[in-house]
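Let me begin by presenting the structure, written as C-alpha cells, before commenting on it.
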Amino acid sequence: MTEKIIVLNPVAKARVEETPLAPRLQSLEGKKIGFLDNIKANVALLLANIEQALTAKYNFSEVVHLAKKEYPSTAGPAPEWIIKDLSQCDLVINALGD
C-alpha cells in the first residue's frame, strides 16, 4: 500500500500595498517647519546644518525643534505629544543619526 504525503508550502503570498506620497508644497516660503531629533550621535549637527541651509534660502514662519529624549527607545515611534506638535507643521524633517 502506498501512502500519499501532502507537502504544504508555509510561505504566504506577499502583499504589496501602494501608499501615495504626501502632497508636495508649492513653496517652503512662510511655512512652519519642524525638526525631530532622535538624540543619537551627530544628529543635532546634521539637523543644524539642514536648518542653516534651509533658513538661508527660505523665510519660515516658525521653526520647531523636538527630540525623543524622554522616550525610552529612540528607534520606536514618537510619543503622542510629539506627533501632535509636529502635525501642526507644514513640513517635518525627521533625522536618525549614529
Exercise. By the scheme Lys and Arg +1, Asp and Glu -1, what is the net charge of all other residues having a beta-carbon under 13 Å from that of LEU28?
Worked result: 0
Exercise. With r defined as the distance between the Cβ atoms of ILE83 and GLU17 and R0 fixed at 22 Å, what FRET efficiency is calculated, to the nearest 0.05?
Worked result: 0.50
Exercise. Quick one: if the Förster radius is 22 Å, what FRET efficiency do TYR58 and ALA95 give, using the C-beta to C-beta distance and rounding to 0.05?
Worked result: 0.75
Exercise. Sorted by mean Cβ packing within 10 Å, highest first, what order do the peptides 29-36, 87-94 take?
Worked result: 29-36, 87-94
Exercise. What ranking do 56-65, 17-26, 37-46 get when scored by the average of other Cβ atoms within 10 Å per residue, highest first?
Worked result: 37-46, 56-65, 17-26
For this session: Compute the relative contact order of the chain as a whole-number percentage, counting only Cα pairs closer than 8 Å that sit 6 or more residues apart in sequence.
Result: 40 percent
Seminar exercise, completed: Stretched fully, the stretch from THR2 through LYS32 gains (0.36 nm per residue minus C-alpha distance, one decimal, in nm) 3.4 nm
Problem set entry | Set of lysines near LYS40 by C-alpha distance (under 19 Å), chain-local residues within fewer than 8 positions excluded | LYS68, LYS69
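Every number in this text was worked out from the coordinates using simple rules, so none of it is lab data. Remember, it's a predicted structure, so these values are computed and weren't measured experimentally. Every residue, glycine as well, gets a Cβ built from its backbone with ideal geometry; the counts of neighbours run over all protein chains shown.
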